[in-house]
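Here's the structure we're looking at; comments come further down.
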Amino acid sequence: MPERIKLAMVLRQWGVENGDAGSIAGKSDESDFVDVTRSLHDRNISTLARRAGPALRRLSLSFSPRITDAGIYSVIHYGCINIRYLGLLANTHISSDILVTLIGYVSRTLEHLVLSTAKTDDAVVKKALSCAPNLAHLDLSYCRLVTDDAFPRPELMSNVDRPTLPQLRVLVLNGCMRVGDVSVGRIGRAFGTSLQTLDISHTIATTRCLCFLAVAANMKQGRSQAIRGPLALRTLNMNNIAFEPGPRHTRSEVDVGIHFNFATWSIEQFYQYAPQLTSLTIAGKNYMVTDEFIVQIARNCHQLTFIDVRDSVRVGHPSMFALSEHCAGLEYASFDGCNGCLDTGVLALVRGCLRLKGLNLSELGITNTSLVAIGNNLHYLETLVVDMCGLISTEGIKAVVEGPNGMGCMFTLTELSFMRCRRVSDDVVEWCKQRLKPNAIVRSGYC
């Protein structure tokens with residue numbers, strides 16, 4: 001029986017998210033997706049693997065806590081060797097040993113690996129990085145057993161006989177509480193020229209890791225005396241990380257193979273190593289993020305489309321001026337809690353970045369002047385958040401919606417939030433709903 005027909009039979013029994021099994025059976029490009037999102041047992045996975053066999057290209061086991069090693073082993077036993085996408089989310093009953101075996105079995109074709117909140121340790125990560133040459137996307141979110149030792153050591157990178165590493169493009173380490181600056185340095189040295197997205201939010205990394213990342217990516221490799229080019233990094237997420245090394249950050253720069261004078265390095269120099277950066281999230285009470293840093297990013301990363309620096313207390317209107325002047329393509333900006341941002345900065349931002357689709361100005365000392373400018377200029381705006389802005393009033397909210405000529409943002413806004421704004425009346429909520437899109441969300445009050 002042809003493999004496509006076998007898989008169609010499986011899809012008809014278990015269900016597929018993106019369409020009818022009969023129609024999928026006739027399209028080989030669409031017959032590679034089996035997403036199991038309900039509670040299953042090992043015998044169910046065994047049946048699926050037996051019927052699909054080598055035709056199985058993509059398998060996602062999300063929130064299936066009853067699946068154990070026996071179920072995963074059946075995927076190997078029945079020859080599902082061509083899996084390109086493998087996702088095991090929120091399952092702590094699958095051991096790291098069987099994960100190592102499975103990754104080794106499908107390593108030739110594996111491209112996308114998601115092991116969020118699974119029982120993943122350093123051995124699993126090492127296996128994926130060492131024997132999956134086509135791996136491009138690795139998501140280890142909330143894998144709390146992953147440490148610095150999961151990533152290639154500097155002596156390995158200096159060895160001309162080192163194993164070939166994949167051209168990793170996306171690496172997500174959000175919530176990996178044992179991953180720190182050392183890991184980031186090793187990642188930069190191993191994958192700096194290919195990695196486009198890095199998420200180290202809620203880890204024990206600090207803003208010092210920017211130096212590790214930038215310098216390590218430009219280290220000489222092996223016997224080659226050539227210094228590699230700049231980082232390929234386009235998206236960097238660093239939510240809620242420490243702004244300086246603490247007692248848990250005692251390992252020296254030798255651990256990442258860097259010999260560098262950190263006393264002469266400043267965070268503002270990072271932009272030199274990441275000219276392709278389009279998205280930057282570095283939020284969460286970060287005292288090292290200053291106007292000087294944002295200004296340099298804006299001047300040298302003209303293609304920036306997303307920036308989130310909320311709660312950065314040393315960021316003010318100079319950052320907004322720089323973004324308006326150099327980043328005309330900016331689509332989302334969050335300055336929530338940046339108390340130095342006032343009307344002058346917002347006016348410059350909305351007049352220079354006309355393509356803004358999302359804007360968060362919560363907890364700022366702005367007035368209706370800023371809201372009038374938003375209604376006049378941002379004709380693509382979809383989301384506006386001005387929570388806890390005590391100086392804005394009902395007239396300002398109406399100016400955003402209607403603008404100077406009755407147009408404003410009423411045709412584009414899908415979310416408008418002005419919670420805890422004491423000068424905005426409750427009646428304006430119904431007024432907004434009557435003018436915005438039917439599915440638009442309007443938040444107000446003190447809930």
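The values are calculated or read from the model by the stated rules, or taken from the named source; none is laboratory data. Keep in mind it's a predicted model, so treat the numbers as computed, not measured. All Cβ positions, even for glycine, are placed from backbone atoms using ideal geometry, and neighbour counts span all protein chains on display.
Part of a loop (DSSP other than H, G, I, E, B) and modelled with pLDDT under 80: does that describe Gly175?
Working: part of a loop (DSSP other than H, G, I, E, B): yes; modelled with pLDDT under 80: no.
Here the answer is no, as Gly175 does not meet what is asked.
Are any of the residues in segment 425-443 without any contact (Cβ under 8 Å) to a residue 60 or more places away in the chain, assigned to a loop (DSSP other than H, G, I, E, B), under 28 Å from Val313 (Cα atoms) and small (Gly, Ala, Ser)? Explain how you work it out, then say what you get.
Step one: of segment 425-443, the residues without any contact (Cβ under 8 Å) to a residue 60 or more places away in the chain are 425-443.
The next check asks that each one be assigned to a loop (DSSP other than H, G, I, E, B); those that pass are 425-426, 436-440.
Filter again for under 28 Å from Val313 (Cα atoms), leaving none.
Taking every residue of segment 425-443 in turn, none turns out to be without any contact (Cβ under 8 Å) to a residue 60 or more places away in the chain, assigned to a loop (DSSP other than H, G, I, E, B), under 28 Å from Val313 (Cα atoms) and small (Gly, Ala, Ser).
Looking at segment 222-239, can you tell me whether even one residue there is within 24 Å of Asn300 (Cα to Cα), of a type in the set (Gly, Ala, Ser) and modelled with pLDDT of 90 or more?
no
Within segment 396-418, identify whether any single residue is more than 22 Å from Ala328 (Cα to Cα), surrounded by fewer than 19 Cβ atoms within 10 Å (Cβ to Cβ), charged (D, E, K, R) and touching a Gly at 6+ places or on another chain (Cβ under 9 Å), and answer yes or no.
So far as segment 396-418 goes, yes, one or more of its residues are more than 22 Å from Ala328 (Cα to Cα), surrounded by fewer than 19 Cβ atoms within 10 Å (Cβ to Cβ), charged (D, E, K, R) and touching a Gly at 6+ places or on another chain (Cβ under 9 Å).
Collect the residues in segment 101-133 that are polar (S, T, N, Q), under 22 Å from Arg169 (Cβ atoms) and under 21 Å from the mean Cα position of the chain (by Cα), keeping them in residue-number order. Give the derivation first.
First, the residues of segment 101-133 that are polar (S, T, N, Q): 101, 107, 109, 116-117, 120, 130.
Remaining after also requiring under 22 Å from Arg169 (Cβ atoms): 107, 109, 116, 120, 130.
Within segment 101-133, Ser116, Thr120 qualify.
For residues in segment 182-221 being modelled with pLDDT under 85 and basic (Lys, Arg), which is farthest from Ser312 (Cα to Cα)?
Across segment 182-221, the extreme among qualifying residues is Lys220.
Might you check whether a residue that is in a helix (DSSP H, G or I) and crowded, with 17+ Cβ neighbours inside 10 Å occurs anywhere in segment 56-63? Before the answer, list the steps.
Within segment 56-63, the subset in a helix (DSSP H, G or I) is none.
For segment 56-63, residues in a helix (DSSP H, G or I) and crowded, with 17+ Cβ neighbours inside 10 Å: absent.
Restricting to segment 375-402, name every residue that is more than 34 Å from the chain's Cα centre (by Cα) and part of a loop (DSSP other than H, G, I, E, B).
Within segment 375-402, Ser393 is the sole residue that qualifies.
Which number in (1) in contact with a Phe, Trp or Tyr (Cβ under 8 Å, 6 or more places away or on another chain); (2) crowded, with 16+ Cβ neighbours inside 10 Å marks the one condition that Ala90 misses?
(2)
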